[in-house]
Amino acid sequence: MMNLGAVIFDFIGTLAKVENYSLEDSEEKLFESLVADGFVVDHGRFMDAYDKAYRKYRDVRYRQLVEVDNAVWISDALNLLDFTTTPEDKCVKKAVSVFFEGYLSALKLRRFARSTLRKLSRLCYIGLVSNFTHAPVVYAGLRELKINDYFNIVLVSQTIGWRKPSPEIFKEILRSLDVKADEVFFVGDTPREDIQGAKNVGMKTVFIPSQFNTLTDMQKADTPPDHYIEDLGDLFKILDI
């Protein structure tokens, strides 16, 4: 039996689901916040610039695996429209917060998430590694769902600078917890970011299907997980504890 040093989870999809969320509503509130703070521009022109800036940095995020905060491409979009601003502009930061209000409200715990974390917290370290462009949303989400106290460490790509499946973010959590990769189980719902990324650094992997990725998606992927579970309550059968 392996020495269990830690169980590390992905967040969105794995521990939490997203219900009744509208991206269009969030983008509309973002636009309204900027206009209210003096960035007066036609809605269509702004959305065109916003989409152009988003696609520019999406390429950086998904190909180079370098994380970029929403404020960067919002500022970029405004500069394309002949405003002069930076990601540190307080109005831009406010707009990012407004953008994510609806998303935070849409987060709900998956079945058995809290009970699984509670039991694990008495047995080993618990970590969380999340790909997210704005780290405060992850921290707030964990607090709202009342599971933040179960984690020994929470790493978010926006604060680390690297996105899963980059080995750097996985290595960082191993260093922080002072555990070896072969003493760790990583539980996630994405074939590439979670399963491939964790396996590449030597962690044991557990795939859980979600609203974003099905069992079929995982079976089609190049890197199979070490284990499959249907829901979080099944995790203890694998850990044998």
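Read the figures in this text as sums done on the coordinates, not as results from a lab. Treat the numbers as computed from the prediction; the structure is a model and nothing was measured. Because the Cβ atoms are built from the backbone with ideal geometry, glycine has one as well, and the counts that use them run over all protein chains shown.
Summary table
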read-out: Output for the range 57-87, where each listed residue is closer than 25 Å to K164 by Cα, outside any helix (DSSP H, G or I) and in contact (Cβ under 8 Å) with a residue 12 or more places away in the chain; value: L65, V66, E67, V68, D69, P87
read-out: The range 176-222 - residue that is basic (K, R) and closer than 13 Å to I8 by Cα and, of those, farthest from the chain's Cα centre (by Cα); value: K180
read-out: Residue within the range 99-121 that is closer than 30 Å to V41 by Cβ and of a type in the set (D, E) present; value: yes
read-out: Test: S75 is of a type in the set (S, T, N, Q) and buried (at least 16 other Cβ atoms within 10 Å of the Cβ); value: yes
